[in-house]
Amino acid sequence: MLHIANKSFSSRLLLGSGKFASPGLMQQAIQASGCQLVTLALKRLQLDQPQDDLLSPMRQMNIQLLPNTSGAKTAKEAIFAAQLARDALQTNWLKLEIHPDPRYLMPDPIETLLAAEQLVKLGFVVLPYCSADPVLCKRLEQAGCAAVMPLGAAIGSNQGLQTRAMLEIIIEQATVPVIIDAGLGAPSHAAAAMELGASAVLVNTAIAASQYPVAMAGAFAQAVNAGRMAYNAGLATAQPHATASSPLTDFLAAL
Amino acid sequence: MHIMLNDTPLQLATNCTVAELVQQQQLKTEGLAVAIDNVVIAKQHWGKHQVQNNAQVQLFQIVTGG
């Protein structure tokens, strides 16, 4: 079980709800993935457009909704967005993300830490999206964050675990769940993250932008489970030389 | 009374609360959040919070996102 704050989840796959071709397809993918934590975003209402009925079906799926602060460029903006999200969804759970640079969407570590400290004091369950920086992750943990969400690669890049060495340190040191977020482009990336000992992974683009998102959601679910099982089983140690799996006796020497 | 609603000028015939404004605009309240002059107005206060003349009212809604 994955334990975050006061809740437990049987699935270690978190799903982002963006980029799906339709709300119906997103709901099917959520069901196929078995995930129990789904991220949402916030935007200014377009008065000349009808409101989406996004939430009613999601409320029936018994999932924890996790609003994010995407679009915030500073701690001040993120705190404002967090308060809006809390009121809109009536939840104090929050995926904190602050990325001022639109090209690479790298999280701002200083603003993220500042915002996290304030949001924890305001009673939020804070899950910060952050750089794969072991020092920063420790500081976020010490600030009271319920988990840390270091990136594997840039958001939506599908490049996999580019930060692998740093993730290993973060996982080794963490006393809160480590959720690898961003950049996981294939189920094998998710499995690799789980084999490292990540508590969970968050995937969006790789599922939503695939040709068959529902099938891909199922594939990621299996990969996450396989990776976790492998981690629990204990991976064999990599060796610099061959080690025989069969006996190397001289029974053919007489030929 | 004159207000700005998501940067659009709006004339209101009478004073109203946030709840009445939301109702007048025929908005679904689930997934909706309101801020006035950059201060979030919690849903439990919508029924009592009076919208003031020249208020900058901002409406936000939950959407899909990763």
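Laboratory data are not the source of any read-out in this text; all were calculated from the coordinates shown. It should be emphasised that the depicted structure is a prediction, and the values quoted were computed from it without experimental measurement. Note: ideal-geometry Cβ built from the backbone for every residue, glycine included; neighbour counts use all protein chains shown.
The table for this structure:
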| item | result |
| --- | --- |
| Options A:Gly71, A:Gly18; residue that is of a type outside the set (S, T, N, Q), assigned to a loop (DSSP other than H, G, I, E, B) and in contact with a Ser or Thr (Cβ under 9 Å, 6 or more places away or on another chain) | A:Gly18 |
| Failed criterion for A:Met106 (all others in (1) assigned to a helix (DSSP H, G or I); (2) more than 16 Å from A:Pro67 (Cβ to Cβ) hold) | (1) |
| Candidates B:Gln61, B:Gln26, B:Gln44 - the one that is within 12 Å of chain A (Cβ to nearest Cβ), in a strand (DSSP E or B) and more than 11 Å from the chain's Cα centre (by Cα) | B:Gln61 |
| Positions within the stretch A:152-175 being closer than 15 Å to A:Asn204 by Cα and either of a type in the set (Gly, Ala, Ser) or in contact with an Asp or Glu (Cβ under 6 Å, 6 or more places away or on another chain) (or both), in sequence order | A:Gly152, A:Ala153, A:Ala154, A:Gly156, A:Ser157, A:Gly160 |
| Residue match in the stretch B:8-18 (condition: touching a residue at least 12 places away in the same chain (Cβ under 8 Å), facing another protein chain (nearest Cβ under 9 Å) and either out of contact with any strand residue (DSSP E or B) (no Cβ under 8 Å at 6 or more places or on another chain) or buried (at least 16 other Cβ atoms within 10 Å of the Cβ) (or both)) | no |
| Odd one out for A:Leu136 among (1) of a type outside the set (Asp, Glu); (2) touching a strand residue (DSSP E or B) at 6+ places or on another chain (Cβ under 7 Å); (3) outside any loop (DSSP other than H, G, I, E, B); (4) more than 22 Å from A:Pro100 (Cα to Cα) | (4) |
| Any chance B:Val51 is buried (at least 18 other Cβ atoms within 10 Å of the Cβ), under 29 Å from A:Leu65 (Cα atoms) and within 11 Å of the chain's Cα centre (by Cα) | no |
| Candidate set from the stretch A:6-30 (those that are surrounded by fewer than 19 Cβ atoms within 10 Å (Cβ to Cβ) and touching a helix residue (DSSP H, G or I) at 6+ places or on another chain (Cβ under 8 Å)); member that is farthest from the other protein chains (Cβ to nearest Cβ) | A:Ser11 |
| Considering residues of the stretch A:89-112 that are away from chain B (no Cβ under 14 Å) and buried (at least 20 other Cβ atoms within 10 Å of the Cβ) only, the residue nearest to A:Gly144 (Cα to Cα) | A:Thr112 |
| Residue list for the stretch A:77-88, restricted to those being in contact with a helix residue (DSSP H, G or I) (Cβ under 8 Å, 6 or more places away or on another chain) and either at the interface with chain B (Cβ under 9 Å from one of its Cβ atoms) or surrounded by fewer than 24 Cβ atoms within 10 Å (Cβ to Cβ) (or both) | A:Ile79, A:Asp87 |
| Residue check for A:Leu202: surrounded by 20 or more Cβ atoms within 10 Å (Cβ to Cβ) and assigned to a loop (DSSP other than H, G, I, E, B) | no |
